[in-house]
Amino acid sequence: MTSGFIGIFDSGYGGLTILDGIRQRMPEYDYIYLGDNARAPYGTRSFDVVYDFTLQAVKKLFEMGCPLVILGCNTASAKALRSIQQKYLPKYAPDRRVLGVIRPTAEVVGKMSHTGHIGVLATEGTIKSQSYNLEIQKLHPNCTVVGQACPMWVPLVENNEFDKPGADYFVRDSLQKLLQQDPLIDTIILGCTHFPLLLNKINQQLAQLSTLNSQLSTPHIIPQGQYIAASLEDYLHRHPEMNQRLTQGGTCQYFTTESPTKFRESANLFLHEEVNVQHITLN
């Protein structure tokens with residue numbers, strides 16, 4: 001039987017948090033991670049550019065033996081997933097599947113919020129797309145969704161400043177702006193795969209804000225990795241024909257469009273392990 005990998009794609013390193021969550025839950029499968037690090041970040045790029053770049057990566061993963069690809073990137077999920085699913089796959093790859101990270105998160109968040117007021121912290125591109133608002137309100141029509149762009153959070157993570165004192169101001173500023181929009185928010189989605197590395201800072205700042213404002217309860221934070229993993233496991237149970245195409249050798253290969261040395265250093269922040277990575281070209 002030929003190899004059937006699960007492909008995980010992200011514009012940068014954040015998708016490694018999705019890969020990590022999936023591998024912890026389903027370590028037996030074979031994986032390929034592809035990071036388009038040379039062209040990251042995608043968050044401020046137009047819909048057309050994100051679609052083109054994402055489709056290039058998806059096609060490359062198909063060529064490499066992945067019948068199933070997860071867009072482990074909120075921006076790609078927001079700006080490219082629907083077009084790939086509706087326009088590209090039916091015509092050019094009807095036997096392949098591409099899944100995103102927004103719907104699985106939207107499915108669980110409505111059950112977690114007691115007030116029905118949900119916040120989303122993400123890149124500018126994801127917030128402007130309104131993808132979380134639309135998906136959550138489709139599944140949970142009684143919920144109110146408010147988004148806040150956090151333009152400095154990805155640079156903080158990628159420059160290894162996420163646990164330094166300098167991160168405090170930017171984390172606090174974005175949280176304050178979100179909660180000022182809607183003080184009833186009791187559940188916050190980290191709608192960017194980089195943001196779980198800021199979780200300690202987020203919790204510290206939320207605790208301080210709650211202390212200063214007795215009316216404010218500390219919101220519950222939802223990082224995506226574990227929920228995407230649970231959703232993928234459920235998907236494979238419901239689609240045994242796809243599951244049968246996937247090999248289970250417990251391997252993981254890494255590819256980057258940028259410097260393998262730089263990728264190795266950054267991947268260590270997300271995975272806490274050394275990885276072997278190869279350079280790849282997308283076009």
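The values are calculated or read from the model by the stated rules, or taken from the named source; none is laboratory data. For clarity, every value in this text was computed on a predicted model and none was experimentally measured. We place every Cβ from the backbone using ideal geometry, glycine too, and count neighbours over all the protein chains shown. All accessible areas refer to the heavy atoms of the entire protein, side chains included, with ligands and DNA or RNA removed. Shrake-Rupley method; radii C 1.70, N 1.55, O 1.52, S 1.80 Å.
When the stretch 125-137 is examined, which residues are found to be surrounded by 16 or more Cβ atoms within 10 Å (Cβ to Cβ), at pLDDT 90 or above and not hydrophobic (A, V, I, L, M, F, W, C)? Spell out how you get there, then give the answer.
Restricting attention to the stretch 125-137, the residues satisfying the condition of being surrounded by 16 or more Cβ atoms within 10 Å (Cβ to Cβ) are 125-129, 131-133, 135-137.
Still in the running and at pLDDT 90 or above: 126-129, 131-133, 135-137.
The answer is Thr126, Lys128, Ser129, Ser131, Tyr132, Asn133, Glu135, Gln137.
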Which listed residue, of Val154, Val171, Val146, is farther than 27 Å from Phe270 by Cβ and outside any loop (DSSP other than H, G, I, E, B): Val146
Those residues of the stretch 31-56 which are crowded, with 17+ Cβ neighbours inside 10 Å, not acidic (Asp, Glu) and not in a helix (DSSP H, G or I), in sequence order: Tyr31, Ile32, Tyr33, Leu34, Gly35, Ala40, Pro41, Tyr42, Gly43, Arg45
The stretch 5-30, subset aliphatic (A, V, I, L, M) and assigned to a strand (DSSP E or B), residue farthest from Leu197 (Cα to Cα): Ile6
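When you check Thr2 against the structure, is it in a helix (DSSP H, G or I) and either at pLDDT below 95 or of a type in the set (S, T, N, Q) (or both), yes or no? Explain how you work it out, then say what you get.
Numbers: in a helix (DSSP H, G or I): no; either at pLDDT below 95 or of a type in the set (S, T, N, Q) (or both): yes.
No: the conditions fail for Thr2.
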Filter result for the condition that a residue is under 17 Å from Gly15 (Cβ atoms), among the charged types (D, E, K, R) and in contact (Cβ under 8 Å) with a residue 24 or more places away in the chain, over Glu233, Glu265, Glu258, Glu273: Glu258
Every pair of residues 6+ apart whose Cβ atoms lie under 9 Å, when the first sits in the stretch 138-157 and is in contact (Cβ under 8 Å) with a residue 24 or more places away in the chain and exposed (fewer than 15 other Cβ atoms within 10 Å of the Cβ) while the second is assigned to a loop (DSSP other than H, G, I, E, B) and of a type outside the set (Ser, Thr, Tyr): Asn142/Gly116; Pro151/Gly43
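Before we move on, is Leu178 in contact (Cβ under 8 Å) with a residue 40 or more places away in the chain and either under 14 Å from Gly119 (Cα atoms) or β-branched (Val, Ile, Thr) (or both)? Before you say what the answer is, go through the steps one by one.
Numbers: in contact (Cβ under 8 Å) with a residue 40 or more places away in the chain: yes; either under 14 Å from Gly119 (Cα atoms) or β-branched (Val, Ile, Thr) (or both): yes.
Here the answer is yes, as Leu178 does meet what is asked.
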Residues of the stretch 224-268 satisfying the condition of being buried (at least 19 other Cβ atoms within 10 Å of the Cβ), assigned to a helix (DSSP H, G or I) and among the polar types (S, T, N, Q): Ser231, Ser266
Any hit, the stretch 193-205, residues being open to solvent by less than 40 Å² (accessible area, probe 1.4 Å), under 30 Å from Cys143 (Cβ atoms) and among the aromatic types (Phe, Trp, Tyr): yes
Residue in the stretch 122-142 that is under 19 Å from the mean Cα position of the chain (by Cα) and basic (Lys, Arg) present: yes
